[in-house]
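Step one of this worksheet: look at the structure below.
All of the numbers you see were taken from the coordinates with simple rules; none came from a lab. Since the structure is predicted, the reported quantities are computational estimates derived from the model, not experimental observations. No Cβ is skipped: glycine too gets one built from the backbone with ideal geometry, and neighbour counts run over all protein chains shown.
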Amino acid sequence: MLELHGVLKLYRSGDEEVRAVDHVSLRLDAGEMLALQGPSGSGKTTLLLLAAAALRADAGLVAYRGRDLGALSEQERAQYRLCEIGLVAQNPHLMARVPAVENAATKLLLGGVPVGDARERALSWLERVGMARRAQRTPEELSGGERQRVAIARALAGDPQLILADEPTANLDSERSAEVVVLLGELAREHNKAVLLVTHDAEAAASADRVLRLRDGRVHEEASEAAPSP
Ligand code: ADP
Ligand code: MG
């Protein structure tokens with residue numbers, strides 16, 4: 001579903017150059033949850049944004065279902081983000097002063113789903129993340145963890161094939177964290193989605209099928225029964 005081959009991403013500021021992602025290769029199949037674990041600054045968010053076609057690689061290949069994301073037009077990239085992936089960003093932006101249910105329905109409405117259907121589907125996703133009772137609250141009336149859960153519902157409501165979640169449990173207590181991780185695992189195993197879970201939390205990573213450890217932009221080790229990475 002998602003493949004990275006020798007992906008390099010540099011950030012330049014002045015004469016300084018940061019190799020945020022340094023020749024990373026990985027493969028994520030449908031039905032699988034892969035955790036990307038690493039300390040702060042190891043390149044996790046950059047890698048996820050490359051997979052989301054929100055950034056372009058400086059070298060290497062990022063491919064979704066065999067298509068090079070770097071070769072997509074602006075319009076194709078927008079279509080990819082709207083229809084194929086569910087992105088839970090590290091700092092999810094919700095629309096201010098707009099009820100949670102409308103926020104969760106955003107992608108559905110953009111995708112042309114009729115308002116009534118979109119609300120219903122958004123509400124059922126809010127229910128799955130334990131937010132049904134707060135569906136009418138605006139982001140201002142929610143805690144950080146509750147806003148996070150609305151963002152998760154928004155990402156999943158469009159039934160994306162590929163779910164990219166950047167520290168989705170960062171603002172949640174351990175019980176809620178476990179629920180979110182279990183939900184993501186179910187989407188992979190029971191609904192055949194591909195899930196990339198970015199986390200610095202070893203406990204969250206442990207529920208994935210495979211764990212890829214990043215350090216200074218490089219894959220450090222792959223903790224799984226699979227063969228060691230090249
Ligand atoms: P993580 O998500 O693992 O904390 P990031 O992908 O955010 O790591 O960052 C990887 C490295 O790239 C860090 O050294 C960070 O300072 C740097 N970096 C991230 N975004 C930018 C940016 N927009 N401009 C310059 N450097 C950046
Ligand atoms: Mg990050």
Checklist line | Kirkwood hydrodynamic radius of the stretch 92-132, Cα pairs, Å | finding: 10.2 Å
Margin query: If each residue of separation counts as 0.36 nm, what is the full-extension length gain between ARG12 and ALA132 once their alpha-carbon separation is subtracted?
Written below: 38.8 nm
Next item on the list: Determine the percent antiparallel among the DSSP beta bridges restricted to the stretch 73-230, to the nearest 5.
Entry: 35 percent
Check: In the Gaussian network model of the chain, springs joining C-alpha atoms below 10 Å, which of GLU120, GLU74, GLU32 carries the largest mean-square fluctuation?
Finding: GLU74
Next item on the list: Kindly put TYR80, TYR11, TYR64 in sequence by how many other C-beta atoms sit within 10 Å of each C-beta, fewest to most.
Entry: TYR11, TYR80, TYR64
Notebook entry, point to check: Which of THR199, THR169, THR138 moves the most in a Gaussian network model of the chain with Cα springs under 10 Å?
Noted result: THR138
Notebook entry, point to check: Going out from 0 in 10 Å bins, what whole percent of all Cα-Cα distances in the stretch 47-163 drops into each bin?
Noted result: 15, 42, 29, 13, 1
Next item on the list: Considering only ALA188, ALA118, ALA96, give the residue with the highest GNM mean-square fluctuation for the chain, with springs between Cα atoms whenever their separation is below 10 Å.
Entry: ALA96
Checklist line | Set of aspartates and glutamates with alpha-carbon distance to LYS9 below 16 Å, sequence-local pairs under 8 removed | finding: GLU17, ASP22, ASP58, ASP68, ASP216
Checklist line | Spherically averaged projected area of the stretch 124-230 from its Cα convex hull (nm²) | finding: 7.8 nm²
Check: Across the stretch 129-140, in residue order, what do the Karplus-derived ³J(HN,Hα) couplings come to in whole Hz, using 6.51 cos²θ - 1.76 cosθ + 1.60 with θ = phi - 60° and x for Gly and Pro?
Finding: 9, x, 10, 4, 6, 10, 4, 8, 7, 8, x, 5
Note to self: What percentages make up the Cα-Cα pair-distance distribution of the chain when the bins are 5 Å wide from 0?
What the structure shows: 1, 7, 15, 18, 20, 16, 12, 7, 3, 1, 0
Margin query: Starting from 0.36 nm per residue, how many nanometres of slack lie between SER207 and ASP117 once their C-alpha separation is accounted for?
Written below: 29.1 nm
Notebook entry, point to check: For VAL98 and ALA30 in one chain, what is 0.36 nm times their gap in residues minus the Cα-Cα distance, to one decimal in nm?
Noted result: 21.1 nm
Notebook entry, point to check: Over the chain, what relative contact order in percent results from Cα pairs under 8 Å that are six or more residues apart?
Noted result: 30 percent
